[in-house]
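Right, one structure below, let's go through it.
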Amino acid sequence: MTIKIKMEVPDEEPTKFYADLVLEALQKHKTNGLSNWEITEMTDVPVRRVREETQKLKQSNSLVEKSCRCKRTPIYFLK
């Protein structure tokens, strides 16, 4: 007598990294741009990690930084 066990693996979405979440948020808001804090609120990624990811994108020349009207907060736009 043999027993057959059928295992089903539920369909799971692949885990997204912080870099993916930040990039998706910036892609959704190409025209207006986003600040680090706005990205944090949209994605629930910690502020420090958002800052790290935006710095990496700036170093790879994928991101443009402009100042807001108060000249203090950087607003990030994808190229």
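The numbers here are math on the coordinates, done by the rules we state, and not lab data. Model, not experiment: these values are computed from the prediction. Here the Cβ positions follow ideal geometry from the backbone for every residue, glycine too, while neighbour counts run over all protein chains shown.
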Tell me yes or no: at least one residue of region 40-50 is surrounded by 15 or more Cβ atoms within 10 Å (Cβ to Cβ), free of Cβ contacts under 8 Å to residues at least 40 places away in the same chain, touching a Leu at 6+ places or on another chain (Cβ under 6 Å) and assigned to a helix (DSSP H, G or I).
yes
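Could you pull out the residue among Lys16, Lys58 that is charged (D, E, K, R) and farther than 13 Å from Phe77 by Cβ?
Result of the check over Lys16, Lys58: Lys16.
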Of the conditions (1) part of a loop (DSSP other than H, G, I, E, B); (2) more than 13 Å from the chain's Cα centre (by Cα), Lys16 satisfies every one except a single condition; which number is it?
(2)
